[in-house]
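These notes concern the structure reproduced below.
The values are calculated or read from the model by the stated rules, or taken from the named source; none is laboratory data. Model, not experiment: these values are computed from the prediction. Backbone-built Cβ (ideal geometry, glycine too); neighbour counts: all protein chains shown. Surface accessibility is based on the protein's heavy atoms, side chains included, excluding ligands, DNA and RNA. Shrake-Rupley method; radii C 1.70, N 1.55, O 1.52, S 1.80 Å.
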Amino acid sequence: MSTPTTNVLASGIEIIGSIRFQNDMHIDGKIDGEILSDSGKVTIGEMADIKGNIQAGEVHIYGHVDGNVKSDRCHLNAHAVISGDITTGALSMEEGARLSGRAEIG
């Protein structure tokens with residue numbers, strides 16, 4: 001059985017448009033558009049700046065997101081800044097994380 005691939009979008013890269021992926025994705029760049037995955041895990045790194053909605057199986061946010069998040073599981077790191085609504089099956093949020101929006105859990 002092969003190990004799942006993690007795709008990396010490094011800092012300094014800027015994408016305008018939607019991203020769709022199957023495995024895991026780590027983003028430290030800027031994205032102006034949707035991030036979509038049916039069941040993959042997306043990590044929004046501390047250097048990331050996202051303007052658009054995120055839909056994935058699992059979402060870990062360490063950076064800035066201006067958009068809605070829809071996932072089975074969502075984790076907000078202490079440095080996370082989210083302007084938008086979160087719809088998730090399970091939410092964990094570290095002290096210091098900032099959410100400007102609604103959270104619907106369950």
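Structure data summary
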item: Where Leu91 falls short, out of the listed (1) of a type outside the set (Phe, Trp, Tyr); (2) modelled with pLDDT of 95 or more; (3) open to solvent by less than 30 Å² (accessible area, probe 1.4 Å); result: (3)
item: Residue check for Gly57: under 12 Å from the mean Cα position of the chain (by Cα) and buried (at least 19 other Cβ atoms within 10 Å of the Cβ); result: no
item: Leu9 vs. criteria touching a Ser or Thr at 6+ places or on another chain (Cβ under 7 Å) and either surrounded by 13 or more Cβ atoms within 10 Å (Cβ to Cβ) or basic (Lys, Arg) (or both); result: no
item: Top-ranked residue in the range 12-39 [being under 11 Å from the mean Cα position of the chain (by Cα) and not in a strand (DSSP E or B); ranked as surrounded by the most Cβ atoms within 10 Å (Cβ to Cβ)]; result: Ser37
item: Filter result for Glu104 (assigned to a strand (DSSP E or B) and surrounded by 14 or more Cβ atoms within 10 Å (Cβ to Cβ)); result: no
item: Yes/no for Gly63 being free of Cβ contacts under 8 Å to residues at least 60 places away in the same chain, buried (at least 19 other Cβ atoms within 10 Å of the Cβ) and at positive phi; result: no
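A quick yes/no check of all residues on (1) of a type in the set (A, V, I, L, M); (2) at pLDDT below 95; (3) in a strand (DSSP E or B); (4) over 24 Å from Glu14 (Cα atoms):
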| residue | (1), (2), (3), (4) |
| --- | --- |
| Val42 | yes, no, yes, no |
| Glu58 | no, no, yes, no |
| Val65 | yes, no, yes, no |
| Arg73 | no, no, yes, yes |
| His79 | no, no, no, no |
| Gly96 | no, no, no, yes |
